[in-house]
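Student: Below: one structure in structure tokens.
Values in this text are rule-based calculations from the coordinates and carry no lab data. Since the structure is predicted, the reported quantities are computational estimates derived from the model, not experimental observations. Cβ atoms come from the backbone with ideal geometry, glycine included; neighbour counts cover every protein chain shown.
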């Protein structure tokens with residue numbers, strides 16, 4: 001996020017229509033900018049991060065609107081996004097990151113799952129004890145690969 005208002009802030013994603021990537025006239029994938037979803041104040045009312053013209057307000061203004069005036073005076077971020085361990089008020093980025101509505105925001109996949117009534121659980125990749133698909137693969141290998149493949153005697157084929 002930017003510290004000050006920005007017309008260019010947003011995430012650029014590849015445009016997909018009917019399951020296919022759209023391309024520009026020069027052959028590059030077409031991109032579109034999507035804005036951040038609104039947050040919520042402590043009372044639960046929505047907090048929009050863009051002004052009426054679609055310009056991102058910036059972290060300073062967002063913190064001021066939340067009543068965090070002292071935190072709005074902090075630097076935008078710690079060097080290389082490496083905040084001191086255990087710190088929660090070292091920079092504007094860290095303060096916002098620790099706000100309840102930011103901390104509880106799910107990923108796009110989680111939100112989609114919640115919309116359909118599912119709980120999305122992220123598991124470590126390739127962890128055979130926690131990831132169910134690894135247990136399925138292990139069972140399949142035991143069932144179908146329990147005997148080593150031996151060379152078979154070649155038989156001549158008759159052709160007609």
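Student: Say we join alpha carbon atoms closer than 10 Å with springs in a Gaussian network model of the chain; which of 38, 124, 84 then has the biggest fluctuation?
Tutor: It is 124.
Student: Taking the Cβ-Cβ separation of residue 118 and residue 13 as r and a Förster radius of 25 Å, what is the calculated FRET efficiency to the nearest 0.05?
Tutor: 0.60
Student: A further question on this structure: Tell me whether the range 1-130 comes out rounded, prolate or oblate; compute the Cα gyration tensor, take square roots of the eigenvalues as a ≥ b ≥ c, and use a/c under 1.5 as the rounded threshold.
Tutor: It is oblate, given that a/c is not under 1.5 and a/b is not larger than b/c.
Student: Springs between alpha-carbon pairs under 10 angstrom, Gaussian network model over the chain: which of 73, 30, 141 fluctuates most?
Tutor: Looking only at 73, 30, 141, the largest GNM fluctuation is found for 141.
Student: Take each of the peptides 90-96, 110-116, average the number of other beta-carbon atoms within 10 Å over its residues, and list them starting from the highest.
Tutor: 90-96, 110-116
Student: If you don't mind, another one. Would you please give the FRET efficiency between residue 111 and residue 40, computed as 1/(1 + (r/R0)^6) with r the Cβ-Cβ distance and R0 = 22 Å, to the nearest 0.05?
Tutor: 0.95
Student: Could you tell me how far the Cα centroid of the range 1-36 sits from the Cα centroid of the range 50-68, in Å?
Tutor: Their Cα centres are 22 Å away from one another.
Student: Please give the length that would be gained between residue 53 and residue 128 if that part of the chain were fully extended, namely 0.36 nm times their separation in residues minus their C-alpha to C-alpha distance (nm, one decimal).
Tutor: Value of the extension gain: 22.0 nm.
Student: Can I ask one more? In nm, give the distance between the simple-model label positions of residue 64 and residue 33, each being 7 Å from the Cα along the Cα-to-Cβ direction.
Tutor: Result: 2.2 nm between the two label points.
Student: Report the residue, chosen from 109, 63, 74, that carries the largest GNM mean-square fluctuation when the chain is represented by alpha-carbon nodes joined by springs under 10 Å.
Tutor: Residue with maximal mean-square fluctuation among 109, 63, 74: 109.
Student: Just rank 66, 22, fewest to most, by other beta-carbon atoms within 10 angstrom.
Tutor: Taking fewest neighbouring Cβ atoms as first place, the list is 22, 66.
Student: If you don't mind, there's one more thing I want to ask. What 222 nm value per residue comes from the helices of the chain, counting each DSSP H run with n ≥ 4 as -39,500 (n - 2.57) and dividing by all residues, nearest 500 deg cm²/dmol?
Tutor: -6000 deg cm²/dmol
Student: So how do 50, 144 line up by other beta-carbon neighbours within 10 Å, fewest first?
Tutor: Final ranking by Cβ density, sparse to dense: 144, 50.
Student: Going by the alpha-carbon gyration tensor, a ≥ b ≥ c the square roots of its eigenvalues, is the range 32-103 rounded (a/c under 1.5) or, if a/c is not under 1.5, prolate (a/b greater than b/c) versus oblate?
Tutor: Prolate, since a/c reaches 1.5 and a/b exceeds b/c.
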